[in-house]
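Student: The following block contains the structure, expressed as structure tokens.
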Amino acid sequence: MCNVYRRFVDHFAQMSAPMTSMLKKVEPDRLPELDEERRSAFEALKTCLISPPILRLPWLGLRYSLDTDASDAQIGCTLLKKHDDGNRYPIGFWSRTLSLAERNYSTTEKECLAIVWAIQALRPYLGRERFTVNTDHHSLRWLMNLTDASRRLARWRLRLAEFNFDVTYVKGIKNCLANALSRIPATGGTTVPIDEEIPCFSVLERMLRPRNPASKAAITHDEIVLTQHSDPFCKEITCHLQEGEGVAQIRLFKFFMNKKRVFLMYLAHYPAASGHPRRRRLSYTLRQRYYCPSMLVDAYATVRRCSDCAKARIKLRKHNAKLKTFPPMGHLEFITIDILGELSRTPRGNRYLLVISDRYSKLTRTVPLKRITAETVSQAFVTHLVFVYGASVKLLSDNGS
Ligand SMILES: [Zn+2]
């Protein structure tokens, strides 16, 4: 790992000499002890790796690449950016140990776990960018095209569907950064398992996103004119204007957009510079320059589909504690009642069924009723349950809702 960046470290050979001397085969079976001189050389090399000019800030406009690797007990990744001088400079190094359950995964699953974990951990960097994942496991090149993947791999593939990336195979010897990180024992770091729930909204969001990253640039005037000429709604409006039906004198400053409205919504909401405006703000901003009949509805739908906004909404919720269950501990402790109907009228004139159930014993009684009033329901409850089995401790009812 140090050798990869040796050309960026001044006096590398001199600095690493105490470490290099350990590789001499004086004692072939075991490495010599790490004395004070060697320890300080090791610390100095570590400091060089996590300082400029090796470690750099993420520069806008350059493409990210993510090197990942997995060993038997650990996974690691490096996030890099390729600069104009042709070199890839790291932005950070991450690794974590595998839990006991994860150590039983197959090699493919471990390598895939490294990719899923790395992408999820680095979501703030990679969420809206196109990037490359480098792995030394050849079969993961086809990760996004697997047809007979195991259930776990299929779930992970869906989890990654919202990200825009290519998987590239590199030989193990060239994947030395991630290789080292997956083998140097790490302390700390979370081993929280990957969420197994399939994020449906993420798949939808990816479908909406423009496929060509170059098309993320703002829409041009020529494009607007071209779209207006081929849009039936715009054609109709132009026709009315040419015929002079009332509005011909008004200067047409708003662009009528029907075809490109999804793309416009994307431009006005998703990029970091737009700042994810809420629905009213989004429709107000777009109305300044564009018009289409369904603009307000589209703005509402765009904000509702956005996964980032959904996460922000969850954080804002006041009551997000988990629901509790109330298991019954004995007979007649918890009685539930509900009304079934309105059903077809019986010869005796009954149209409803009062269903009474004991949650502990599952004993269920049904009482036909002609009318639903507080009086008829309470009378049926007392007659058919309390007088027969005894009074209950708690009564659960949805009160007709
Ligand atoms: Zn949003």
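The values are calculated or read from the model by the stated rules, or taken from the named source; none is laboratory data. The structure presented is a predicted model; accordingly, all values stated were derived computationally and were not measured. As a convention, Cβ positions derive from the backbone with ideal geometry for all residues, glycine included, and neighbour counts pool all protein chains shown. Side chains are part of the model used for accessible areas, which takes the heavy atoms of the whole protein and leaves out ligands, DNA and RNA. Shrake-Rupley method; radii C 1.70, N 1.55, O 1.52, S 1.80 Å.
Student: Can you work out which of the residues in the stretch 367-381 that are among the β-branched types (Val, Ile, Thr) and without any contact (Cβ under 8 Å) to a residue 24 or more places away in the chain is surrounded by the fewest Cβ atoms within 10 Å (Cβ to Cβ)? Please lay out each step first, then the result.
Tutor: Looking only at the stretch 367-381, we keep the residues that are among the β-branched types (Val, Ile, Thr), and these are 367, 372-373, 376-377.
Adding the requirement that they be without any contact (Cβ under 8 Å) to a residue 24 or more places away in the chain leaves 367, 373, 376.
On the way: VAL367: 19, THR373: 10, THR376: 15.
Top of the filtered list is THR373.
Student: Shifting gears a bit: Can you tell me which of (1) at pLDDT below 55; (2) open to solvent by 70 Å² or more (accessible area, probe 1.4 Å) is the one PRO232 doesn't meet?
Tutor: Every condition holds for PRO232 apart from (1).
Student: Answer yes or no as to whether ILE198 is assigned to a loop (DSSP other than H, G, I, E, B), surrounded by 11 or more Cβ atoms within 10 Å (Cβ to Cβ), of a type outside the set (Ser, Thr, Tyr) and modelled with pLDDT under 75.
Tutor: yes
Student: Let me ask something else about it. So PHE326 passes all but one of these: (1) part of a loop (DSSP other than H, G, I, E, B); (2) within 16 Å of the ligand (Cβ to nearest atom). Which condition number does it fail?
Tutor: (2)
Student: Further question: Consider the stretch 42-70. How many of its residues are under 21 Å from ASN3 (Cα atoms) and open to solvent by less than 40 Å² (accessible area, probe 1.4 Å)?
Tutor: 12
Student: Please count how many residues of the stretch 271-309 are among the aliphatic types (A, V, I, L, M), within 14 Å of the ligand (Cβ to nearest atom), crowded, with 16+ Cβ neighbours inside 10 Å and in contact (Cβ under 8 Å) with a residue 24 or more places away in the chain.
Tutor: We begin by selecting, within the stretch 271-309, every residue among the aliphatic types (A, V, I, L, M); these are 272-273, 282, 286, 295-297, 299, 301, 303.
Checking the rest, the ones that are also within 14 Å of the ligand (Cβ to nearest atom) come to 272-273, 282, 299, 301, 303.
With the extra rule that they be crowded, with 16+ Cβ neighbours inside 10 Å, the set shrinks to 282, 299, 303.
Checking which are in contact (Cβ under 8 Å) with a residue 24 or more places away in the chain leaves us with 299, 303.
Qualifying residue count, the stretch 271-309: 2.
Student: A follow-up question, please. Scanning the stretch 70-129 for residues that are outside any strand (DSSP E or B), under 27 Å from GLY275 (Cβ atoms) and basic (Lys, Arg), which turns out modelled with the lowest pLDDT?
Tutor: ARG128
Student: Let me ask something else about it. I'd like the residue in the stretch 333-362 that is open to solvent by less than 70 Å² (accessible area, probe 1.4 Å) and over 20 Å from ASP398 (Cβ atoms) and, out of all such residues, is farthest from the chain's Cα centre (by Cα). Walk me through it before giving the result.
Tutor: To start, the set of residues in the stretch 333-362 that are open to solvent by less than 70 Å² (accessible area, probe 1.4 Å) comprises 333-337, 339, 341, 346, 349-358, 361.
Add one more test, that the residue is over 20 Å from ASP398 (Cβ atoms), and what stays is 346, 349-350, 361.
On the way: THR346: 54, GLY349: 56, ASN350: 53, SER361: 43 Å.
Filtering the stretch 333-362 for residues that are open to solvent by less than 70 Å² (accessible area, probe 1.4 Å) and over 20 Å from ASP398 (Cβ atoms), the one farthest from the chain's Cα centre (by Cα) comes out as GLY349.
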